[in-house]
Amino acid sequence: RDPTLPGRGIAFMNSANVLVVDDENLIRVWLEAQLEDAGYQVTLADSAASAREAFADNPPDAALLDLKLPDGTGLEVLQHAREHHIATPFIIITAHTTPHHALEALRAGAAEYLSKPFNVEELKLILDKLLGPPWTCDND
């Protein structure tokens, strides 16, 4: 895949790594495709344990975590990261939206909270706000 948009002088940098943690394979694969097309590198995890391993191996630039996972919650992963002084911004996603869950996520230190289903363009805008856009202008 050519990382440059023809005639526009825009090249994708592919430097920001986003960790996507969801126990639903279709959601993981769909988010991976959407975020890679937007210029991000993507790491996938399907559980709280695999998310903690991903943080131990190479902390991502941002993390997108499902609130409810088979072996814990996205908030537990967030708390684990903070206990290990990892400042990665977290976006909590869930199909089980309540005002209590949203408030709990934001109080725990999540940067954003999205309800499933969510608009992928909104997610990209949030990532751009947190990390800067995954592209740069090349006027050469």
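Structure values in brief
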| item | result |
| --- | --- |
| Gain on full stretching of the segment that runs from residue 128 to residue 82 - 0.36 nm per residue minus C-alpha separation | 14.3 nm |
| Degrees between helix 25-37 axis and first principal axis of the chain (Cα, 0 to 90, nearest 10) | 30 degrees |
| Folded to 0 to 90 degrees: helix 48-57 orientation relative to the chain principal axis, Cα | 50 degrees |
| Size of electric dipole in the chain: Cβ of Lys, Arg +1 and of Asp, Glu -1, about Cα centre, debye, nearest 20 | 300 debye |
| Neighbourhood charge, 14 Å Cβ-Cβ cut-off, centred on residue 17 and excluding it, Lys, Arg +1 and Asp, Glu -1 | -4 |
| Heavy-atom SASA rank of 29, 42 (probe 1.4 Å, accessible area, largest first) | 29, 42 |
| Accessible area in the full protein assembly, largest first, 1.4 Å probe, for 37, 61 | 37, 61 |
| Area accessible to solvent at residue 71, 1.4 Å probe radius, in Å² | 70 Å² |
| Among [x] 27, 15, 14; [y] 47, 17, 10; [z] 43, 14, 11, the entry that matches semi-axes √(5λ) of the Cα gyration tensor in Å as calculated here | [x] |
| Zone residues, region 112-132, relative to residue 34, backbone N less than 14 Å from point 7 Å out along Cα-to-Cβ | 113-128 |
| Residue 83 accessible area, assembled protein chains, probe 1.4 Å, Å² | 130 Å² |
| Carbon/sulfur fraction of accessible area - the chain, other protein chains in place, 1.4 Å, % | 51 percent |
| Rounded to 5, the percent of DSSP beta bridges in the chain classed as antiparallel | 30 percent |
| Using a Förster distance of 22 Å, the FRET efficiency for residue 103-residue 24 (Cβ separation, nearest 0.05) | 0.35 |
| Region 8-89 shape via C-alpha gyration tensor axes, a/c threshold 1.5 | oblate |
| Rounded tilt (10° steps) of 74-83 against the dominant C-alpha axis of the chain | 80 degrees |
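The values are calculated or read from the model by the stated rules, or taken from the named source; none is laboratory data. Nothing here was measured: the structure is a model prediction, and the numbers come from that model. Cβ sites come from the backbone with ideal geometry, for glycine too, and all protein chains shown count toward neighbours. Ligands, DNA and RNA are stripped out before the accessible areas are found, and what is left, the full protein with its side chains, is counted by its heavy atoms. Shrake-Rupley method; radii C 1.70, N 1.55, O 1.52, S 1.80 Å.
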